[in-house]
Structure formats: C-alpha cells, structure tokens
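Here the structure comes first, spelled out in structure tokens, and everything after it is commentary.
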Number of protein chains: 2
Amino acid sequence: MTEIPRVEPRAGLSCETPGLAPRPPGSFEVLAQAGPARAGRLWTAHGPIDTPCFMPVGTYGAVKGLDPDDLRACGSQIILGNSYHLGHRPGSARVAGLGGLHAMIAWDRPILTDSGGFQVFSLRGLQKLDDAGVDYQTHFDGSRHRLTPESVLRTQAKLGSDICMILDHCPPGDASPTQMRAAVDRSTRWARQAIDLKSGILAPHQLCFGIVQGGTDHALRRQHLAELAALPFDGLALGGLSVGEPIPEMHATLAEIGPQMPQDRPRYVMGIGTPFDLLAAVRAGIDMFDCVMPSRHARNGQLFTFAGRLNIRHSRFRDDPAPIDAACTCRACRSHSRAYLRHLHEQNDPLYGRLATIHNIFFFHQWVGALRGALHSGHFFRTAAAFSSIITDHYLKEVKPASGKRPAATTPPAPGPGPDDSGAASC
Amino acid sequence: MTEIPRVEPRAGLSCETPGLAPRPPGSFEVLAQAGPARAGRLWTAHGPIDTPCFMPVGTYGAVKGLDPDDLRACGSQIILGNSYHLGHRPGSARVAGLGGLHAMIAWDRPILTDSGGFQVFSLRGLQKLDDAGVDYQTHFDGSRHRLTPESVLRTQAKLGSDICMILDHCPPGDASPTQMRAAVDRSTRWARQAIDLKSGILAPHQLCFGIVQGGTDHALRRQHLAELAALPFDGLALGGLSVGEPIPEMHATLAEIGPQMPQDRPRYVMGIGTPFDLLAAVRAGIDMFDCVMPSRHARNGQLFTFAGRLNIRHSRFRDDPAPIDAACTCRACRSHSRAYLRHLHEQNDPLYGRLATIHNIFFFHQWVGALRGALHSGHFFRTAAAFSSIITDHYLKEVKPASGKRPAATTPPAPGPGPDDSGAASC
C-alpha cells in the first residue's frame with residue numbers, strides 16, 4: 001500500500017509566518033529543485049505565495065459559499081477572480097468604488113485575475129475577432145462590448161488584482177494548424193502591446209503575466225514561448241491547455257514546455273486540473289495552477305480523498321458514520337459524517353456545499369503542499385512516485401470501462417463549462 | 001432618537017461560562033423579574049439556557065447554511081429540530097444509528113424538537129384525525145403514516161432531543177368555537193397519555209413540554225392551561241398562535257395567558273415571531289420562542305436592524321460600502337459591505353445566505369439578549385419602552401399603506417409556510 005505523505009495545508013506557509021521580511025512585488029526565488037520540479041516563493045503587494053501553489057477560483061469574487069476565513073483555514077494562499085464576470089457583475093468601476101476587489105471581498109491575500117479573454121473566446125457565435133481586439137455579446141444580457149489588450153488591463157487596474165493576465169487569443173482545442181499559428185501571432189502582437197501599455201495603466205505593484213499559446217504543437221509552443229520570454233513579463237503562463245485535447249498530449253506538452261520556461265520567473269498553467277494534471281505540472285516545473293474542479297465537483301457530490309473520489313449521493317453513505325476521510329483534518333472531516341453530509345446534500349442545504357467545498361479545496365492544497373514539502377525536504381521523487389501510485393490505484397481505475405481497458409489517460413476530459421465558467425474544459 | 005441598548009449576544013451566557021456547576025435537567029430558576037416579565041435559567045442534559053431565549057430553527061438538523069460554530073458565534077444557546085422532517089428524512093432510526101441528533105449535526109448544546117403535529121395538521125386534505133391519533137400522507141412521497149401521542153415520543157427518544165414536545169391538536173386559525181373546544185379536549189386527553197407513557201419511552205434526561213391550545217379564546221385557553229398545568233410536564237408551551245389570527249388578538253392572548261402559566265416552570269410560545277411579537281412575549285413572562293423568520297427572511301433579502309428592515313436586493317445598495325448595520329458586530333457586518341452582500345445575492349452565491357442568516361440570527365439574539373440583560377440589571381421597563389419605540393418608528397411604518405393609515409397592528413401576518421416548514425404562519 002502506498003504511503004500517503006500527508007501535510008497540514010497551512011503549516012509552514014510563508015503567508016502564515018509572522019515577521020518574514022517582505023520583498024518587492026514580483027520578487028521570485030527558487031528555493032528547492034528536483035529535476036525540472038521546483039519550489040519557490042513569489043512576492044506580491046498582498047504578501048508571499050509558496051509555490052507550487054494551487055489557486056481556488058472565485059469567479060465573481062467568492063469561492064462559492066466560502067468566506068475568507070474558510071479559505072485561510074484550508075490553506076489557500078491566493079485566489080482567482082475573473083475580469084469577464086466581475087467586469088460585468090458588479091462592474092469594475094463599482095468594484096473600484098468599493099476600494100478594489102480585496103476590500104470588496106475582505107480578502108487580504110493575493111488575487112490573480114484572468115483577462116476575460118478565455119471566456120469571450122468560448123462565446124462561440126457571439127464574438128467577432130479582428131486584429132485589434134474582439135467584439136462580443138455577453139451571456140448576461142446580450143449587451144455588446146469589446147476586449148482589447150488595453151481594455152483588459154484597464155479592467156484589472158480597477159479590480160486592483162495582484163497578478164493581471166494579458167489578452168491572448170485562445171483557439172479551441174480542435175483548431176487547425178493555420179488557425180493555431182494565427183492565434184499565436186496575434187497573441188504575440190497583443191502581448192507586445194500589453195507590455196507597451198502596462199506601465200501607464202497598471203499600478204506599479206500589479207504584476208503582469210504573459211500567456212503562451214500553441215496547443216499541443218511543441219514547435220509552435222516553443223516559438224511563442226521564445227517571443228513572450230523576450231518581453232519583461234513578471235511571469236509566464238501556459239494557456240490553451242485542457243481545452244479538449246487528449247490528456248496524454250496535454251501532459252506531454254507540459255513535460256516538454258514547462259522546463260523550457262524562464263527559470264527566474266513564475267510559471268503558471270491556466271485552468272488545470274485534476275490531481276493527475278497537478279502532479280504532471282509540478283513534475284514539469286510549473287509553479288501555479290487554478291481550477292474550479294474542487295469547488296464544482298464538491299457541489300456535484302464528488303469528494304476527493306487519497307483513496308479516490310467518492311460520490312456522496314450514493315445510498316451506501318446513508319448510514320456511514322465515518323468522515324469523508326478519517327485522516328483528513330479539514331473542518332468537514334473533523335466534525336461531520338458522510339451520512340450527515342449526504343443528508344444535507346439530499347435536503348439541498350447550503351451547508352453541504354460549504355463543507356464539501358472546504359474538504360475538496362483542503363485536499364487540493366494537501367496534494368500540492370505535500371509535493372512542495374517534498375521538494376523542500378529532498379524527497380520529491382519518492383513523493384511524486386507515491387502520488388503516481390495513488391492516481392493509478394484510485395483515480396484512473398474509477399473511469400475503467402466495462403471492456404477492462406484502462407483508458408483514463410486517453411479519455412477526453414469531462415464536459416467543459418459554459419461561457420459563464422472561469423475554468424478551462426477539464427475543470 | 002431612541003437609545004439602542006445593544007448587547008453582544010454571547011456575552012455572559014451561562015453556556016459560555018466555564019465552571020458553572022451543572023444542575024439536573026429540568027431545573028429552572030427565575031433569577032429576575034419585572035412585572036410578569038422574567039429572566040431565568042433552564043438546565044438540560046446539554047447545559048443551561050438563559051431565558052428569555054430565542055431559538056433558531058434547524059428543521060432538518062441544520063439552520064440552513066450555518067454550522068455549529070456559526071451558531072455559537074451568533075449566541076445561539078439552543079436550536080430546534082423537527083420530528084416530522086427528521087422522522088422522514090433521514091429517519092429517526094438513522095439518526096439514532098448515527099448517535100442521535102446532537103452527534104449527527106455536531107451540536108453540543110441543547111436541542112428542542114417539535115412533535116411534528118403542527119406540520120401534519122397543516123397537511124390539509126392529506127390527514128385524517130381520530131381520537132387516538134392522526135393518519136397522514138407525507139408531502140415527501142405521499143407515503144402513509146400515523147402520529148399518536150406515543151409515536152411522537154418514540155421518534156423524539158430516537159432523536160435524543162433535550163426538550164420533547166407532546167402531540168397536540170392544533171386547529172387552523174379560522175376554526176369554529178366547537179372545533180376549537182374539541183381540539184382542546186383531544187389535546188388534554190393526548191397530554192395525559194403522554195404523561196403516562198413518557199417515563200417508559202423518553203430517556204430520564206429528556207424533558208417533556210405540554211402544549212396549551214385554545215386560540216384567542218381566553219376562557220378556553222385558561223381551561224386548557226389549568227388542565228395541563230396539573231400534569232407534571234417540565235415546561236408548558238402556548239401552541240396555535242400566529243396561525244392567521246389578527247396580531248393584536250395574539251398579543252392580547254399572550255398578555256392574558258402568559259402571566260397565568262406556572263411560575264416555576266419554563267414557558268414557551270411556539271412559532272413566533274417578529275421582533276414585535278418577541279417583545280410582547282417577553283413582557284407577558286414568556287421564556288422561550290422559536291421562529292424561522294430570521295433565516296427565511298435573510299434568504300429573501302430581508303435584513304433586520306435597529307433602524308428597521310432593509311431589503312438588500314434594492315438597487316440603492318449597489319454601491320453602498322457600509323455594512324448592514326454599522327454598530328453590529330456579527331461576522332457579516334464586521335467584514336462585508338451591503339454592496340458586496342447584494343452582489344453575492346444577485347449571483348446566487350450561497351455565501352450570501354450564510355452571511356445574511358448569521359446577521360439576522362445575531363440580531364434576534366441581540367434583541368432578546370438586551371431584554372434579558374435589562375431584566376437582570378433592573379432596567380427592563382426602560383429597555384422595553386425603547387424597543388417599543390423602535391418597533392413604532394421603524395417596523396410598523398414599513399407596512400404603512402398609501403392611505404396613510406398605520407395598520408400594522410391589524411395587518412394579517414405574512415403568508416404562511418407550506419407543510420414542509422417548521423415555523424408557524426407569521427414566521
């Protein structure tokens with residue numbers, strides 16, 4: 001049986017360490033390495049982030065149902081907001097009027113905001129692209145708007161996020177090579193515009209990350225990476241992954257491109273992922289990732305454990321007095337049985353969603369925290385191997401079909417979100 | 001301007017006082033009096049309750065969206081569960097299998113459970129009464145069941161509640177005098193059966209309260225009260241109030257009957273009420289009350305303050321950086337603006353419901369806590385007068401119609417709940 005290297009997600013976090021001398025926003029140190037994998041620390045105006053780091057998604061300014069204390073108790077160091085959603089609801093000027101996103105949501109740790117480009121490009125049929133930007137109709141009320149490299153920075157300046165993402169062109173997973181190349185060229189032009197504009201728009205403490213596209217075409221990814229790495233972004237992200245491509249190709253792209261990203265800047269993969277994806281990303285030297293998976297799955301009854309996922313809706317949990325995971329120390333597992341959680345789920349009590357989301361986010365922070373801790377303690381390869389076994393033993397088996405084949409690694413990801421979702425397809 | 005005698009709801013509560021020597025369940029002391037009004041302390045197997053005491057309603061074993069820590073932080077000393085709902089979902093045997101209701105919901109303070117009679121009698125057309133009990137079809141799945149004086153005690157024995165309510169016959173507010181008298185006679189017979197049966201069914205530490213009916217017919221109420229006061233119940237409740245009768249009649253009944261209830265036992269009015277109702281009840285010497293009003297109103301956008309109720313859905317709160325109530329110290333008011341709460345409400349984020357419910361329950365505990373504190377400090381009449389002014393200035397005006405009359409005191413209560421609700425009509 002695989003030994004599970006559990007950690008308390010908030011133990012030892014820099015943001016929980018009083019007296020740590022702050023460094024200027026954008027400072028990034030690599031503190032430990034094991035092959036391409038690395039542990040580091042990124043400073044923002046709202047404090048440090050220990051990497052590798054999973055970032056929960058608070059699309060509209062809240063991780064659904066959770067308050068800042070819940071997130072801190074889970075070990076969340078940084079959360080995401082989405083400029084598309086917040087820019088329309090409640091509106092970026094309104095957020096600015098309330099003192100910015102941090103003040104509005106009462107969260108004093110870092111916030112990263114997506115540019116909104118991903119959402120707008122997912123509004124198929126409701127958007128029209130040109131060289132200078134993209135016109136779109138919102139899914140809220142059909143009103144017409146335009147995103148440009150400049151407008152997304154202006155929105156994020158008003159939100160006051162610590163890390164701002166530029167506008168890129170994220171083509172669908174089934175785009176042709178020609179379309180993919182055009183998207184990369186456009187994204188590079190827009191990235192250069194963003195670099196030219198950002199000092200006039202963003203506050204000095206707001207970091208700005210570039211986004212590398214290119215699908216699973218490694219040559220195209222490398223080219224785009226070279227173009228963006230030449231620009232003075234504070235960090236670089238891989239976009240356009242987990243948008244429908246086969247998982248092995250996505251993991252191969254991570255393994256190929258991750259280690260080639262600049263060593264001295266933080267590396268972020270947008271919109272992933274499953275525990276399996278996170279393991280692949282950390283192994284490839286990625287520092288940051290976000291996904292709605294833990295919160296969305298929680299609401300749907302799917303709870304993550306080191307022994308696989310359980311569906312709390314199942315009738316076998318009706319009388320089960322055990323917590324979700326007996327060794328877990330999250331708020332839900334400390335106090336409540338599977339039977340009670342199932343009962344709350346059946347009664348549509350919002351307490352279910354809160355406890356389940358807390359558990360899943362706690363699990364994701366445990367998962368990544370154990371990998372981070374192993375990097376620091378020099379046991380990364382052993383821990384990564386143990387986690388691989390957990391994936392093989394407990395997660396890949398779950399999607400085993402009747403034929404007896406184990407196809408998880410080639411199974412397409414779960415159905416993607418609608419345009420009103422902030423995560424990428426597999427989230 | 002009326003001076004607002006604010007209190008911290010949990011400050012000084014006996015259940016927050018370590019080292020208080022416990023007394024046997026059922027022990028009740030009156031500690032302060034002012035006219036018929038009184039402050040006291042009731043002991044249960046799960047600790048003491050300082051009275052007068054408002055009890056939040058957790059129909060299915062949770063005050064919707066709140067966990068035990070939230071309730072403790074609000075100053076909740078005791079919560080309600082409902083035997084009708086819990087007896088069917090998840091089932092009383094299942095609750096017993098999980099160690100009882102306290103263990104299932106992880107609440108270590110007292111729990112009072114209603115018998116389920118009120119709900120069954122509200123299932124018009126789906127129930128059939130006889131002298132020994134009532135047959136009914138559930139609103140869950142139409143399955144047929146029967147309540148008797150014995151069965152409701154057996155259910156509550158399995159739930160393990162600290163205070164159990166007997167089966168009574170609660171006629172509708174528009175019942176004829178003949179029907180009302182028949183209901184009283186039947187309720188007395190059932191009460192005597194409950195007394196005969198309870199020692200063989202309930203655990204020794206479970207308290208058992210009788211329920212006085214009689215509508216707003218004072219003579220009938222007095223007769224029923226005399227019949228029930230002669231039986232060795234641990235406390236007596238007034239049922240059948242706030243079921244559609246005019247509010248002044250309900251308050252008159254409270255004022256008439258409350259002071260005549262046994263001095264040496266706790267007095268409970270079921271299913272009330274508004275801050276106005278609670279003031280009337282405390283003035284009449286009532287010790288305990290429950291209502292879904294704070295939680296249900298919260299979910300509907302109605303937030304209580306000492307300056308009246310505000311509807312957070314109103315567009316005027318869109319940019320309002322103030323908390324719900326600047327002087328309130330609840331979790332919602334300490335951290336969040338009206339604008340953010342409105343935004344969360346608009347986005348259907350369950351965090352809204354939690355914060356709003358916390359605020360309203362905190363308000364209700366403040367309201368009753370101030371009256372209790374005033375009884376102890378000898379300022380009850382002054383505080384009650386100040387609260388009357390608040391009601392007149394801020395609450396009665398809100399329902400002022402265009403004609404300019406102020407009809408609140410004769411306005412029928414808000415539409416009643418369906419059969420799946422645990423509160424009485426005005427809640």
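The antiparallel fraction among DSSP beta bridges confined to the range B:56-213 stands at about 45%.
Enumerate the amide H contacts of residue A:215 below 5 Å, restricted to partners 5 or more residues apart or on another chain; note that Pro and chain-start residues carry no placed amide H. Those qualifying (amide H under 5 Å, at least 5 residues apart or on another chain) number zero.
Put simply, chains B and A cover up around 2800 Å² of each other's accessible surface, both sides summed, when a 1.4 Å probe is used. Comment: the Cα-to-Cβ extended label point of residue A:93, at 7 Å, lies 6.4 nm from its counterparts in the other copies, nearest first. Using a 1.4 angstrom probe on protein heavy atoms only, which residues from the range A:333-379 are buried by at least 20 Å² of accessible area when all chains are present rather than their own chain alone? For the range A:333-379, once contacts with the other chains are taken into account, A:335, A:336, A:340, A:343, A:347, A:349, A:350, A:351, A:354 lose 20 Å² or more. Plainly put, the tip 7 Å out from Cα toward Cβ on residue A:205 is 5.3 nm from that tip on each other copy, the closest given first. The candidates A:176, A:76, arranged from most to least accessible area with a 1.4 Å probe in the full protein assembly, appear as A:176, A:76.
Think of the axis that spins chain A onto B; the A residue whose C-beta lies nearest it, and the distance in whole Å, is A:350, 2.
In the range A:59-89, burial by the other protein chains removes 50 Å² or more of 1.4 Å probe accessible surface, compared with the chain on its own, from A:60, A:65, A:67.
Largest accessible area first, the residues B:198, B:64 order themselves as B:64, B:198 under a 1.4 Å probe with ligands, DNA and RNA left out.
Would you mind counting up the charge near residue B:34? Only other residues with Cβ under 15 Å from its Cβ, with Lys and Arg at +1 and Asp and Glu at -1. Around residue B:34, the charge tally is +3. So, with a 1.4 angstrom probe, what is the percent of accessible area on the range B:266-308 that is carbon and sulfur? C and S atoms contribute 55 percent here.
Assuming a viscosity of 1.306 mPa s and a temperature of 10 °C, what translational diffusion coefficient in µm² per second does Stokes-Einstein assign to chain B, Rh being the Kirkwood radius over Cα pairs? Taking Rh from Cα pairs, D becomes 73 µm²/s. Once you order the gyration tensor axes a ≥ b ≥ c over the Cα atoms, which shape class does the range B:256-411 get: rounded for a/c under 1.5, otherwise prolate or oblate by comparing a/b with b/c? Since a/c reaches 1.5 and a/b is larger than b/c, the shape of the range B:256-411 is classed as prolate.
Equivalent ellipsoid of the range B:168-310: semi-axes from √(5λ) of the C-alpha gyration tensor, largest first, are 27, 18, 14 Å.
Strictly over 20 Å apart at the Cα level, which of A:128/A:158; B:158/B:198; B:64/B:128 would you flag in this model? Exceeds cut-off: A:128/A:158; B:64/B:128.
Each stretch of four or more DSSP H residues adds -39500 (n - 2.57); spread over every residue of chain B, this sum gives -11000 deg cm²/dmol at 222 nm. FRET efficiency for the residue A:140 to residue A:11 pair, using the beta carbon distance and R₀ = 41 Å, is estimated at 0.50.
Just the number, please: Stokes-Einstein D of the protein assembly as shown in µm²/s, Kirkwood Rh from C-alpha pairs, 37 °C, 0.692 mPa s.
112
Accessible surface of the range A:133-244, 1.4 Å probe: 50 percent of it comes from carbon and sulfur atoms. When nucleic acids and ligands are ignored and a 1.4 Å probe is applied, residue A:148 ends up with an accessible area of around 30 Å².
Computed in the context of the full set of protein chains, the accessible area of the range A:35-128 at 1.4 Å probe radius has 51% of its extent on carbon or sulfur. For residue B:131, the solvent-accessible surface computed with a 1.4 Å probe is close to 90 Å², ligands and nucleic acids excluded.
Summed over the residues of the protein assembly as shown and divided among them, the accessible surface reaches 35 Å² per residue at a probe radius of 1.4 Å. Compared with the dominant principal axis of the Cα atoms in chain A, helix A:247-257 is inclined by about 60°. Shortest first, residue A:218 label-point distances to identical copies amount to 9.3 nm, with the label point at 7 Å from Cα along Cα→Cβ.
The values are calculated or read from the model by the stated rules, or taken from the named source; none is laboratory data. What you see is a predicted model, and the numbers here were worked out from it, not measured in a lab. Every residue, glycine as well, gets a Cβ built from its backbone with ideal geometry; the counts of neighbours run over all protein chains shown. These accessible areas exclude ligands, DNA and RNA; they are computed on the full protein's heavy atoms, side chains included. Shrake-Rupley method; radii C 1.70, N 1.55, O 1.52, S 1.80 Å.
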